[in-house]
Structure formats: C-alpha cells, structure tokens
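Here's the structure, in structure tokens; my notes come after.
The values are calculated or read from the model by the stated rules, or taken from the named source; none is laboratory data. Model, not experiment: these values are computed from the prediction. Backbone-built Cβ (ideal geometry, glycine too); neighbour counts: all protein chains shown. Quick note on the areas: whole protein, heavy atoms, side chains included, nothing else; ligands and nucleic acids left out. Shrake-Rupley method; radii C 1.70, N 1.55, O 1.52, S 1.80 Å.
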Amino acid sequence: QVTLVESGGGLVQPGGSLRLSCAASTSISTFNTMGWWRQAPGKKREWVATITSGSSRAYGDSVRGRFTISRENAKNMVYLQMNNLKPEDTAVYYCKIRTRTETVYWGQGTQVTVSL
C-alpha cells in the first residue's frame, strides 16, 4: 500500500506561480510513472503531466510550456512547478503513481484557485 499526500495548493492571482508537492510513503525509485491530474468543478479529471522512472516527461497541451514536473527520489517527492497560472487552471490537483505491477494509487488532492 502506498500513501500519497499533496500539498502546496492555494489562492494565486493570474500570472502567478505555485509549486505543488506530492510525498509518497515509500521509495519512489521503483515506481513506473508518477504524475499529476486535475479536476475542475463539473468537469472530468484531466491529465496534466507525467514523469517516468527514467525522468522522461510529458505534458498536457493546456499546460505545456508553463508547468514543469520533477522528482526527488531521495526524498520520495514529486513536484509540479506551475508558472503563468490562468483562471482555467483552477482545480483540485491530484498526484497519481503507477507501480511496476501496474497498481495505481491516488492522493487526496490539493485545491488550486487562480483568481483576482
């Protein structure tokens, strides 16, 4: 069993930045992929970014060029640096991992609100 805890959400003005963190309860070095998803009110959960065990990165079209995903194996952490935030980035952001046995775990989410 793996527990994921997100943090770093909050209220920010358009054009601002936030860094989300995801802390895993076990070593992340063996995880297949780690990623971030988000869900806005009334909308389906949307993929944001993924980082593999080999540190390959991929991003959704709506965030590419503004968001950066990274991982720090020594601390069992995954991060999402979000720059130039827009009101449409407002959502609950979830950390997701997929183990080498294809088991998927989700965190509880952290709220990001972009507004004046």
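Computed across the chain, the Kirkwood hydrodynamic radius from all distinct Cα-Cα pairs reaches 14.0 Å.
Remark: the Val104-Ser29 segment gains 25.5 nm on full extension, using 0.36 nm per residue and subtracting the alpha carbon distance. The separation of segment 8-34 from segment 82-99, counted between C-alpha centres, amounts to 8 Å. Label positions at Glu46 and Thr113, each projected 7 Å from the Cα along the C-beta direction, are separated by 1.9 nm.
The fraction of accessible area contributed by carbon and sulfur in segment 38-110 is 47 percent, rounded to a whole number (1.4 Å probe; ligands and nucleic acids excluded).
Mind ranking 59-72, 82-95 by how tightly packed they are, going by the mean number of other C-beta atoms within 10 angstrom, highest first?
On the way: 59-72: 15.5, 82-95: 18.6.
Per-residue Cβ counts within 10 Å, averaged per peptide and sorted highest first, yield 82-95, 59-72.
Its Cα centre serving as origin, segment 1-107 has a Cβ charge dipole (Lys and Arg +1, Asp and Glu -1) of approximately 100 debye.
Rg(Cα) of segment 67-116 divided by 2.2 N^0.38 Å? Display every interim value, and only then the final one.
Numbers: Rg = 13.2 Å, N = 50, 2.2 N^0.38 = 9.7 Å.
Here the Cα radius of gyration is 1.36 times the empirical estimate.
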